[in-house]
1. Can you tell me which lysines have their Cα less than 25 Å from the Cα of B:Lys95? Leave out same-chain residues fewer than eight positions away.
2. For chain D, set up a Gaussian network in which alpha carbons nearer than 10 Å are linked by springs, and say which option among D:Pro92, D:Pro164, D:Pro12 fluctuates the most.
3. Going by a ≥ b ≥ c, the root eigenvalues of the Cα gyration tensor, does segment D:82-214 fall in the rounded group (a/c under 1.5), the prolate group (a/b larger than b/c) or the oblate group?
4. How shielded is C:73-81 by partner chains, expressed as the average number of their Cβ atoms within 10 Å of its Cβ atoms?
5. Calculate how steeply helix A:22-57 sits against the longest principal axis of the alpha-carbon atoms of chain A, using the helix alpha-carbon long axis, and give the answer as 0 to 90 degrees to the nearest 10.
6. Mind pulling the angle between the C-alpha long axis of helix A:156-197 and the longest principal axis of chain A? Nearest 10 degrees, somewhere in 0 to 90.
7. For the cross-link pairs A:Lys11/D:Lys130; A:Lys2/D:Lys116; A:Lys201/D:Lys112; A:Lys201/D:Lys70; A:Lys293/B:Lys7; B:Lys201/B:Lys296, which exceed 24 Å when the distance is taken from alpha carbon to alpha carbon?
8. List the extent of the Cα atoms of chain B along each of their three principal axes, largest first, rounded to whole Å.
Amino acid sequence: MKFNTVKRHFKEGARNTWRNGWMTVASVGAVTTTLILVGVFLVLMLNLNHIAGELEKDVQIKALVEITAEEIDVDQIEEEISGISGVQSIEFLTKEEELENLMESMGDQGQAWGLYEQDNPLNDAFVVKATDPLETERIANEIEQIDSIYRVNYGQEYVDSLFKFNEYARNIGLALIISLVFTAIFLISNTIKITILARKKEIGIMKLVGATNNFIRWPFFVEGMLLGVFGSLLPIAVILVGYYFLTQNLDILQQFDFVTILPFYPFAIQVSALIIGIGATIGVWGSLMSVRKFLKV
Amino acid sequence: MKFNTVKRHFKEGARNTWRNGWMTVASVGAVTTTLILVGVFLVLMLNLNHIAGELEKDVQIKALVEITAEEIDVDQIEEEISGISGVQSIEFLTKEEELENLMESMGDQGQAWGLYEQDNPLNDAFVVKATDPLETERIANEIEQIDSIYRVNYGQEYVDSLFKFNEYARNIGLALIISLVFTAIFLISNTIKITILARKKEIGIMKLVGATNNFIRWPFFVEGMLLGVFGSLLPIAVILVGYYFLTQNLDILQQFDFVTILPFYPFAIQVSALIIGIGATIGVWGSLMSVRKFLKV
Amino acid sequence: MIEMQDVYMTYPNGVVALNGVNVTIEQGEFVYIVGPSGAGKSTFTKMLFRETVPTDGTVQVNNKDLIKLKWKEVPYFRRNIGVVYQDFRLLPKLTVYENIAFALEVIEETPKNIRKRVMSVLDQVGLKNKARFIPDELSGGEQQRVAIARAMVNRPALLIADEPTGNLDPDTSWEIMSILEEINASGTTILMATHSKEIVNTVKKRVIAMEDGRIVRDEHRGEYGYEI
Amino acid sequence: MIEMQDVYMTYPNGVVALNGVNVTIEQGEFVYIVGPSGAGKSTFTKMLFRETVPTDGTVQVNNKDLIKLKWKEVPYFRRNIGVVYQDFRLLPKLTVYENIAFALEVIEETPKNIRKRVMSVLDQVGLKNKARFIPDELSGGEQQRVAIARAMVNRPALLIADEPTGNLDPDTSWEIMSILEEINASGTTILMATHSKEIVNTVKKRVIAMEDGRIVRDEHRGEYGYEI
Ligand SMILES: Nc1ncnc2c1ncn2[C@@H]1O[C@H](COP(=O)(O)OP(=O)(O)OP(=O)(O)O)[C@@H](O)[C@H]1O
Ligand SMILES: Nc1ncnc2c1ncn2[C@@H]1O[C@H](COP(=O)(O)OP(=O)(O)OP(=O)(O)O)[C@@H](O)[C@H]1O
Ligand SMILES: [Mg+2]
Ligand SMILES: [Mg+2]
């Protein structure tokens, strides 16, 4: 292909985009709407995933030490625990600290128990965190094997619920985002297909004048790309501006202390790049797929 | 308009739908995809809203009675509380019942406190529920005014968080579903518009042969309705079958005890009716809007 | 029937297609319009059923002032005029039968009458056996004959034919001409833009010759030719 | 140059458009194809650049067996053939200039040569001043001349013209005929389907007469007419 021909294809593609007027507007509109949808959900899902991860990081194992255990034991237990693979951090709490925490967490009612400080019925404990929260159960079980550990507690019910819930939420979120992307692919290529169906006759004429399939395809390639790129502009603007605004007004969210969101940079930029990538790819793909139908003339 | 003409318009509309072949397939495809999206989100959002409501219903006020209060007081207090507007139910708990509940909720560790049963430091309490959960705060304040009430507790922090979170979730959900419906309207009418743009010439010819605008419009009305209705069929099937399957396999969800979902009947039926309504309306509307452009010939 | 006064037509791209046309045509006349390619013949005919509106001047057809005609009235006005377009303008997705029937459906004829009339004109133009074909399945001449059939199916008071024999062989052309003469004999005004010297010189009628958007000759029982 | 043997063509709807056609045309010939409407003239020409493929028989053009021609080769094969379609087939969104230039762009001519050639053929058909118009802004005859210009712009070895003067006045028709004769004189084979008795009888060439999908007469320096 000569350079002049390459130039011609690009010029022609751009010109067709312009000449198709309403059709172009309609296509770009469809791309825009669909990509805004995809973009907003992507941002939402990735942040929910992030929050789920934060919640999981809070999970900790409480290993209660036998009341009979001596000081000397504690160091050794700590060593044994840190010998287990996947342990991230270990913290030791005396039973006095425990009682204090308990009283605090119970608020006013808890004060009543203060009277019993001298006769503390609680145990000393280790608070252990796993590197991968999902390994919590295994590590807890291993800790339980240690002789001087009286009982291990990691809020089994809550943690199991949390992990299960997060797993479902993640799967549903993934399924949602995947089906949304496929929906986008379908809707965009579908719209482009219709605009090209309307040009069936023109493609037939080109073939009769001796144009090869590639010669016909190239301007459509350019046109599809332009439709995709133009259609990505507004969604990207929405995401960048919207997300920036969100990160600047986090005080609303901070009322729920477990909520932190992904930082604007690089997250919003990455999503934007993804959006324009999806737009251009589907544009080109939809365009070429539809044109293919008419090339056998 | 004569009856024969009415018949003709319906026949013509159906025939055009059939004759437009690929265009019809593409339009119906777009309608289908969009309405599945709307349908699934509608089902999701309405159920989340329902769950949020259930959570709010669980909110209760615990009013601790002064330790000095005599039996006779309790009846009177109960009367006073039930005199407050918006109170739905009142339950009285003795301090013994309270301790039991506490011990139960603390699991193994709680057993240790059993030793102190004889010297129970807790108070008798009333558990009060509000008819409208959002009124919880007001009612709690009013209860606190009662003389023999030592302290009122409704998990302020948790409840405030819950209400705020639900409010945000509801608003976001509503915004989402509204923008999704608008997206659907845009995408569907946009697709239909393109298929009609491709028939600009034909509409011009009809006008030249002496057809009035209404004569041209009617078959497009029928066609738009058919596109909308055909496009609703798969979404409705997906919702009915999917939701039925979901309600039959609730055991997965029951792992989270706070989750209950809306019953299949009438909920799924209502959503289906809404879907076909949206489909047909947008189909007709999109069709007539696009045809309007070409009628001034 | 038709009266044009000082009609000018400048297309948006600046082409002056009609440059001061004055003409009167009586009910029942048969008029040829001749002239070189691009003279303005088609533009002239398009004025008469308001496909285009002149940039200046007045056009009166059937006692209706076309410049003042309301949008709502245009379809009703057009129903009294049959038009054979130079580029046929058949509805591509309708069969031959349906294309012709369309002109009767818009005036809400009964299905029975529609059937009778359509089959009758199809017979006249010799396409009875192609009634169920769509335009793309027809030869050029066959399409042209469908266009002619559609124009005359509702017995209009005025029949405008733009180059109706351009794609027809001489024999078929003569057949069409005899149909047009027959229709004309029954009172229909006929306006026919044509390039056929043979037809114009054989079937002698009034000839309006155009050149560069102007009428350069207007003769009863005239000959083909558009030089002054 | 062209050789057809026992060619049959039945369209999907059952119409037999060619019913056993045998013909040989040598390089450099000028051949008229005449016959009544629907005789199969256009179908015959469409065989030659493989717009349609016969249901039976063999077609050889430029020493290429068109039945065995691979899809990939078709565009290259077509570049040696210029075609004037009965329905013009101009690209509606391209200007006159771009429509004609397209035939040169596909063979990757240099922009300079494209410009030169296009302006030269536009001059020949008398449309230099309409180069920037789109087809819809042209009269019927002007569109036809653009189609003729496009067919001859890349100096094909074979020029097929289906009714190239159907929308042209006699004067312009003669101009086109003289251009075709000129091209023919320089070695191009010309095949022209026509209804113009006057042209066929004046510019005497080989005449192939068709009727009902069959060749009923094949005469050198023949006259118009297709009765046996
Ligand atoms: N829609 C249009 N927009 C712009 N210019 C036009 C349009 N239609 C016609 N013209 C120009 O107006 C002039 C007259 O065109 P018209 O179609 O009336 O010619 P004509 O006499 O019918 O020619 P022919 O015999 O070739 O059909 C031509 O020069 C043409 O280029
Ligand atoms: N695409 C098609 N599908 C079905 N039938 C067709 C098709 N094209 C042409 N025909 C039929 O084939 C026959 C021959 O058509 P063709 O176009 O070859 O005629 P022609 O000789 O060119 O006629 P004309 O002088 O009217 O242009 C006609 O009866 C026509 O109805
Ligand atoms: Mg004309
Ligand atoms: Mg033909």
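None of the figures in this text is laboratory data; all of them are computed from the coordinates on show. Quick caveat, the model's predicted, so the values are computed rather than measured. Because the Cβ atoms are built from the backbone with ideal geometry, glycine has one as well, and the counts that use them run over all protein chains shown.
1. Qualifying lysines at Cα under 25 Å: B:Lys57, B:Lys62, B:Lys129.
2. Answer for the Gaussian network model of chain D: D:Pro12.
3. Working: a/c = 1.81, a/b = 1.52, b/c = 1.19.
Cα axes put segment D:82-214 in the prolate bin.
4. Details: counts 1, 7, 11, 2, 1, 5, 4, 1, 3.
Partner-chain Cβ atoms within 10 Å, mean over residues of C:73-81: 4.
5. Approximately 10 degrees, to the nearest 10.
6. The two axes meet at around 0 degrees.
7. Values: A:Lys11/D:Lys130 22 Å; A:Lys2/D:Lys116 19 Å; A:Lys201/D:Lys112 29 Å; A:Lys201/D:Lys70 22 Å; A:Lys293/B:Lys7 36 Å; B:Lys201/B:Lys296 12 Å.
Where the Cα-Cα span goes over 24 Å, the pairs concerned are A:Lys201/D:Lys112; A:Lys293/B:Lys7.
8. Each principal axis gives a Cα extent; for chain B these are 100, 38, 31 Å.
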